[in-house]
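Enquirer: Sharing a structure here in structure tokens format.
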Amino acid sequence: MSHAVVLSRDSNQALGIGQFAIDFVGGKFAGPSPSVLERTRLFHTDSVLCGLSALALMTNAPTLLREEALGYPSADPETSAFVFGSNQQVMPEKAVVANSAAVREWDSNGTNFGYNPTLGHLAGEFGHNDFYPVVIAACQQKGLDGATALRAMVCLDEIRGRLAEVFSLKTYKLDHVVHGAIGSAAVYGALLGASAEEIESAIGMFCAHYIPWRAIRAGKQLSDSKGASAAISTEAAVLCMRRSMRGFIGPKDIFRNPEAIWRFFEPTTQGAERWKESGDSPFDLHLSHSGDDFAVMGMHFKLGLYEHQSAGALQGLITLLRENPELLTGGSIDKIVIKAYEPAFGIIGNPMKRDPKTRQSADHSMVYIVSTLLRKAIENPGSVTNAASENDIWKWLMLMPADYHADAIFNPATRALMEKFEFEHGGAEYDAKYPDGIPTSMVIHASGKTFDSGLVMYPAGHARNTAHDLNGILRTKFERLGAIAFPDDANVPELIASLEGIEEVTAFDMPGYYDLPIANRPGYE
């Protein structure tokens, strides 16, 4: 018995995605296994704690967009959703843009790699779990419970994750959030009772009117647009879906449209023939509906605040420090050479990222991220020498928002370490191993000796890593972010447990699910 729906390239895939979402959230299929639901629950809790802590520290874009959302009240419960930490009804697209921006602000929630060797789907587009607020907003509008919400989150991750396996947006300088916006439109519509044709229309509208370019991620110093990209695109996707349900008709069959991004960048005919109306999309799309084989199972947890492409280097450093505590003197280190794959070498190893001046740039700078972890270890050598295992080192040195505050970014000790780094492209050998893993190696030259990490493929947090205590390290991350997010007198474990208990949330309680107390800790930015 097949556990997947296959939308062939010669079919109307936008319509097929719509029907898949309707059938999935409607319970037509046996559905995801308990392990899939558990992993999705962890990703959701992780994302919300990222968002609440970003709001507590009053970071710019989440604070601004939350205030904006509160300026769009809604009197009708059926067209209302809620921003984090509020019981005020607002327009759903405004709740979505505010909450999605918050969860993405730290760049610390989950990452997918667009890699499915079993099917030969190796496009390698990465993306993130930024889109769960879409599901919660729809459930708040429609009066649906938490078990339905969790199942819908799996569906959204499945659509965007499988699209990432078959079409590389970054190859054409398009932003990865396109896949998530398509999944958002489909699942939002399915939860609200849209027809497959209405979902098709909304997906067509988004792909025709709202495609974002990677210009938001280019430059020496990145802006709010980088962190809010998913949020802004998802706001547009929700608006498209709402318009479609009111009767607005968007372009049909968008994946086979010869002038939409799919066939324009990967033409299925040659030369002038490209512009013919007839033609297949560039890919078949496999969408799992039951069992264990879901896209979310291949997604990576970030065990702190860092760009996912630096995870291999962080793992290499932690291993070297544990095996060679003499490196903790710091002053004996002459040079550190990191070797990695593309796109890590081109994105976070870009020479423009060697002198970050903003948090958004620092968290995309390999030399800054690794230097900061190394500085923390040198300043607190017991975090390494007293550790019972690498799990403890990950916990004790975990990168948190304070490590990207202006004081940290310009810390003289960090800057001195940054000067010791060289970053090399590992060439074809390394490139061929991504995105199966995060192929990275580190060599530290100190006191006339050479310390070599060897090739790191599956660092802690990676879906294929079995050597580390994922749940234990995540628990530390949740507690650290919760301590920032919630007021000092709050019961942090209890509030975290309320988030983790999403499957127990009733339809009656869903409007208040995100109404959690948020601390007020100004001055971060």
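The values are calculated or read from the model by the stated rules, or taken from the named source; none is laboratory data. Since the model is a prediction, treat every value here as computed from it, not as a measurement. Methodologically, a virtual Cβ is constructed for each residue, glycine included, from the backbone with ideal geometry; neighbour enumeration extends over all protein chains shown.
Enquirer: If only one of Lys142, Lys170 is surrounded by fewer than 24 Cβ atoms within 10 Å (Cβ to Cβ), over 13 Å from Ser233 (Cβ atoms) and at pLDDT below 95, which one is it?
Expert: Lys170
Enquirer: Of all residues in the stretch 438-459, which are closer than 18 Å to Gly298 by Cβ and surrounded by fewer than 22 Cβ atoms within 10 Å (Cβ to Cβ)?
Expert: Hits for the stretch 438-459 are Met457, Tyr458.
Enquirer: Sticking with this structure for a sec: Please state which of the following conditions Pro32 fails to meet, knowing it meets all the rest: (1) farther than 30 Å from Ile369 by Cα; (2) out of contact with any helix residue (DSSP H, G or I) (no Cβ under 6 Å at 6 or more places or on another chain).
Expert: Single failed check for Pro32: (2).
Enquirer: Just to be sure, is Ala388 part of a helix (DSSP H, G or I) and hydrophobic (A, V, I, L, M, F, W, C)?
Expert: Values: part of a helix (DSSP H, G or I): no; hydrophobic (A, V, I, L, M, F, W, C): yes.
Criteria not met by Ala388.
Rundown of residues vs (1) under 22 Å from Arg39 (Cβ atoms); (2) out of contact with any strand residue (DSSP E or B) (no Cβ under 6 Å at 6 or more places or on another chain); (3) of a type in the set (Gly, Ala, Ser); (4) part of a helix (DSSP H, G or I), yes/no style:
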| position | (1), (2), (3), (4) |
| --- | --- |
| Ala460 | yes, yes, yes, no |
| His468 | yes, yes, no, no |
| Ile473 | yes, yes, no, yes |
| Lys477 | yes, yes, no, yes |
| Pro487 | no, yes, no, no |
| Glu494 | no, yes, no, yes |
| Leu499 | yes, yes, no, yes |
| Ala507 | no, yes, yes, no |
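Enquirer: Let me ask another. So, in the stretch 122-180, how many residues would count as being assigned to a loop (DSSP other than H, G, I, E, B) and more than 24 Å from Met91 (Cα to Cα)?
Expert: Step one: list which residues in the stretch 122-180 are assigned to a loop (DSSP other than H, G, I, E, B), which gives 122-126, 129-131, 143-145, 167-169, 173, 175-176.
Of the ones still in play, those that are also more than 24 Å from Met91 (Cα to Cα) are 122-126, 167-169, 173, 175-176.
Total satisfying the criteria: 11.
Enquirer: Now for a different question. Among the helices (runs of 4 or more DSSP H) lying completely within the stretch 1-110, list those that include at least 3 residues that are under 19 Å from the mean Cα position of the chain (by Cα), surrounded by fewer than 24 Cβ atoms within 10 Å (Cβ to Cβ) and outside the structural domain of His179 (by TED's automatic domain parsing).
Expert: Here the list is empty.
Okay, residues lined up against (1) in the same structural domain as Arg160 (by TED's automatic domain parsing); (2) crowded, with 17+ Cβ neighbours inside 10 Å; (3) more than 29 Å from the chain's Cα centre (by Cα); (4) not in a loop (DSSP other than H, G, I, E, B):
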residue	(1), (2), (3), (4)
Phe255	yes, yes, no, yes
Leu287	yes, yes, no, yes
Gly312	no, yes, no, yes
Leu317	no, yes, no, yes
Leu328	no, yes, yes, yes
Asp334	no, no, yes, yes
Lys339	no, yes, no, yes
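Enquirer: Find all pairs meeting these conditions: Cβ atoms under 6 angstrom apart; at least six residues apart or on different chains; first residue within the stretch 340-361 and more than 23 Å from Asn60 (Cβ to Cβ); second residue aromatic (Phe, Trp, Tyr).
Expert: Tyr341/Tyr430; Tyr341/Tyr434; Gly349/Phe423
Enquirer: Can you give me the number of residues within the stretch 346-373 that are outside any loop (DSSP other than H, G, I, E, B) and more than 20 Å from the chain's Cα centre (by Cα)?
Expert: 10
Enquirer: Please work out if Ile369 is within 16 Å of Ile393 (Cα to Cα), surrounded by fewer than 23 Cβ atoms within 10 Å (Cβ to Cβ) and among the aliphatic types (A, V, I, L, M).
Expert: Answer is no for this residue.
Enquirer: Out of Gly120, Gly124, Gly183, Gly146, which single residue is closer than 28 Å to Ala75 by Cβ and in the same structural domain as Lys252 (by TED's automatic domain parsing)?
Expert: That would be Gly146, the only listed residue that is closer than 28 Å to Ala75 by Cβ and in the same structural domain as Lys252 (by TED's automatic domain parsing).
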